[in-house]
Amino acid sequence: MSGVLKSAALSFFLAGTAALAGSDRFSLDDVVAFDVLRGWRTETGTHMVALHVQLAPGWKTYWRVPGEASIPPRFDWSGSRNLASVDFHWPVPEVFFLNGMRSVGYSDELVLPIELAPRAEGRRVVLRSEIALGVCKDICIPVNTRISADLSGPGNRDPRIRAALESLPETAGNAGIRAITCKVEPISDGLRLTADIDMPQVGPREVVVFELPDQSVWVADAEAQRTGHRLRAVTELVPPSSRPFLLNRSTVRMTVLAGGRAVDIEGCAG
């Protein structure tokens, strides 16, 4: 079943691209625009910037884990100078349903704070990145773009970046999570992972998203069900080998989404 879903999502993207290619009036400039908010140098010596994505009304783009029907955003920082590491601060996303498929992302606008650590402290960072992401309305389009910025001096505390940083997911402790357990079962092409989370309800129609450090492992959209204080979520994990594998439960990341809120959970016990 997993292969069928992945093929369906790919076909959906290709069909959208082909439809747009046949339209003489279509331009990506009418749909999406990119900018870098230059931000400020933090007290720890990093530089806080943001990717600003502006979308035409009704269009959306995707979170770091967009769902089976979508393409995850990809960033290539190899063209940058004096850059040691990059840390994303993803604001709370929305959950969308289109053509029976679920996706997770942002409508109309995204301000994505990005914290840059320089190799040499006190010297400017030259930011050069190639970005690939998807944008969707009635159809989905893969978009590739480049951004650049020369970052020197203290900068300014941009209120748009500060607002995005104030809308990050809650931690497990702040959300009142009391216990998390994970059960792992082998299936023909990988593993079935069941997480039981003892926590107050986040909001109506809770959605749970699973992530693994190894992004080559395909992760199915989870099915979630609440009974009182227990939220149970079940997903399937399929590696490139399509065989059962060893899973370190402490590296499993889960995000619970509902009602404009999100809770970020790192790891679970056996």
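Every read-out reported here was derived from the displayed coordinates using simple, explicitly stated rules and does not represent laboratory data. Quick caveat, the model's predicted, so the values are computed rather than measured. Here the Cβ positions follow ideal geometry from the backbone for every residue, glycine too, while neighbour counts run over all protein chains shown.
In percent, what relative contact order does the chain have, based on Cα pairs under 8 Å that are 6 or more apart in sequence?
Numbers: 609 pairs, mean separation 46.0, N = 270.
Normalised by residue count, the contact order of the chain is 17 percent.
How large is ³J(HN,Hα) for each residue in region 265-270, as worked out from phi by the Karplus curve 6.51 cos²θ - 1.76 cosθ + 1.60 (θ = phi - 60°), to whole Hz, x for Gly and Pro?
10, 10, x, 8, 8, x
For a quick check: with amide H placed at 1.01 Å from N, whose amide H comes under 5 Å from Trp63's, ignoring anything fewer than 5 positions away on the same chain?
Result for Trp63 returns Val104, Gly105, Tyr106.
What percent do you get for the relative contact order of region 230-270 when only Cα pairs under 8 Å and 6+ apart count? Present the calculation step by step, with values, prior to reporting the outcome.
Numbers: 31 pairs, mean separation 12.7, N = 41.
RCO, region 230-270: 31 percent.
Please give the net charge around Cys268, taking every other residue with its beta carbon less than 10 angstrom from that of Cys268, where Lys and Arg add +1 and Asp and Glu add -1. Let's see the in-between values first.
On the way: positive: Lys183, Arg249, Arg253; negative: Asp196, Glu266.
Local net charge: +1.
Give me the compactness ratio for region 170-266, meaning the Cα radius of gyration over 2.2 N^0.38 Å.
Values: Rg = 13.3 Å, N = 97, 2.2 N^0.38 = 12.5 Å.
Against the compact-globule rule of thumb, the ratio is 1.06.
Label-point separation (nm) for Asp87 and Ser148, each offset 7 Å from Cα along Cα-to-Cβ?
So the two model labels end up 2.8 nm from each other.
Compute the Cα gyration tensor for region 148-224, then decide on rounded, prolate or oblate, letting a ≥ b ≥ c be the square roots of its eigenvalues: rounded whenever a/c is under 1.5, prolate when a/b is larger than b/c in the other cases, and oblate in all that remain. Mind showing how you got there, number by number?
Details: a/c = 3.15, a/b = 1.68, b/c = 1.87.
Judged from the Cα gyration tensor, region 148-224 comes out oblate (a/c at least 1.5, b/c at or above a/b).
Sort the following peptides by mean Cβ neighbour count (other Cβ atoms within 10 Å, averaged over residues), highest first: 163-171, 215-223, 241-249. Walk me through the intermediate numbers first.
Values: 163-171: 15.0, 215-223: 16.6, 241-249: 13.1.
So the peptides 163-171, 215-223, 241-249, ranked by packing, come out 215-223, 163-171, 241-249.
Just Val125, Val92, Val209 to compare: in a GNM of the chain, with alpha carbon springs under 10 Å, which one fluctuates most?
Val125
For the chain, rounded, prolate or oblate, judged on the Cα gyration tensor with a ≥ b ≥ c (square roots of eigenvalues), a/c < 1.5 rounded, else prolate if a/b > b/c?
oblate
What is the spin-label model distance, in nm, from Glu43 to Arg123 if the labels are put 7 Å beyond Cα along the C-beta direction?
Placing both labels 7 Å along Cα→Cβ, they lie 2.7 nm apart.
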